[in-house]
Amino acid sequence: MRILISGGAGFIASNVADAYIQAGHEVAIVDNLSSGNIENVNPKAKFYQVDIADPRVEEVFAEFRPEVLNHHAAQISVPLSVDDPREDARVNVQGWLNLLESCRQHKVGRVIYVSSGGVVYGKPEKLPADETYPLNPESPYGISKFTGELYLKFFAAQTGLKYVVFRYSNVYGPRQVPHGEAGVVSIFIQALMAGKTPTIFGDGAVIRDYVFVGDVVDANVRALDRGENIAVNIGTGIPTNVSQLYAAIQTSMQNNTPAQHGPPRRGDLQANYLNAALAGKILGWKPGTSLAEGIARTYEYFKNQAQGA
């Protein structure tokens, strides 16, 4: 297959690109490098440095002629979306519409769209949240991701394209950057490696669902030929609070440095974790990496990076 990956120089999507290439697919990447890293781009992938909100993105479709679009490019910061909702919408709505229009014009047959299980459900009254839970986002970021799902349904109805929506929980692992909620894993690891004291925002009781990037990659591979016009959660269903996460990182690194506490972050939900049973039914997917194993592999990556490996 010819697969175009938006945001393919970023943490998650670059790992997805590697897996697609390893499986024998032809891959192109479109990324403006605002947060991605050119070093993450697989040398076997064709690379286009273009902002997805730029009309020139249509030229990428015209040249590469993708059969599948895997859409990871996004503005992912909840606090930034609160401070600047117009920029959030420029990337997550206008940029997404640019890609969808190009899909329509160039007859792309399948789309994998990355949404967010961490924000589109708002404050779930029942946990773990599954896909039947009402969508009630409370931040501009959540609103833009939900809007993206709605636009995708519209274009599918108009053009006949098939799609799978992934509502990720908090993804962590190698190549992670210190942005977004799951960025806390790389923040803690890199701070401890540098001999610094990490900061836990709030009392450490905020609960999230941490899923390893390798498991997320597996879901993206499976979705190339499974699932039709459906949204599925991608998470572990295991609640982990920030204090527990920090303790697990300390154990993996054999580091006893205590964290300091700062004020809570604006816009943070107190608790969110996901029921991903539907992904098992539709994709045959389930998470296979424990938190301890995932943290160990992430630490090993950053340690090798520091050593120049």
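Figures for the structure shown
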item	result
Complete set of residues in region 263-301 that are at pLDDT below 95 and either surrounded by 13 or more Cβ atoms within 10 Å (Cβ to Cβ) or farther than 19 Å from residue 211 by Cα (or both)	263, 264, 265, 266, 267, 268, 269, 271, 272
Index of the failed condition, residue 213 passing every other in (1) crowded, with 21+ Cβ neighbours inside 10 Å; (2) closer than 24 Å to residue 257 by Cα	(2)
Residue match in region 222-237 (condition: farther than 29 Å from residue 80 by Cα, of a type outside the set (Gly, Ala, Ser), within 18 Å of the chain's Cα centre (by Cα) and buried (at least 18 other Cβ atoms within 10 Å of the Cβ))	yes
Which listed residue, of 114, 120, is crowded, with 24+ Cβ neighbours inside 10 Å, closer than 17 Å to residue 163 by Cα and β-branched (Val, Ile, Thr)	114
Subset of region 1-57 that is under 16 Å from the mean Cα position of the chain (by Cα) and of a type in the set (Ser, Thr, Tyr) - its residue that is surrounded by the most Cβ atoms within 10 Å (Cβ to Cβ)	6
Neighbours by Cβ (under 6 Å, 6+ apart or cross-chain): first from region 289-307, more than 14 Å from residue 186 (Cβ to Cβ); second surrounded by fewer than 13 Cβ atoms within 10 Å (Cβ to Cβ)	none
Scan of region 223-245 for residues that are of a type in the set (S, T, N, Q) and either in a loop (DSSP other than H, G, I, E, B) or in contact (Cβ under 8 Å) with a residue 60 or more places away in the chain (or both), ordered by number	229, 233, 236
Residue within region 246-256 that is part of a strand (DSSP E or B) and of a type in the set (S, T, N, Q) present	no
Residue within region 193-213 that is free of Cβ contacts under 8 Å to residues at least 24 places away in the same chain, in a helix (DSSP H, G or I) and not assigned by TED's automatic domain parsing to the domain that holds residue 25 present	no
Residue match in region 156-167 (condition: at pLDDT 95 or above, crowded, with 18+ Cβ neighbours inside 10 Å, outside any loop (DSSP other than H, G, I, E, B) and of a type in the set (S, T, N, Q))	no
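The values are calculated or read from the model by the stated rules, or taken from the named source; none is laboratory data. These numbers were taken from a predicted model, which means no experiment stands behind them. Positions of Cβ are generated from backbone atoms using ideal geometry, with glycine treated the same way; all protein chains shown enter the neighbour counts.
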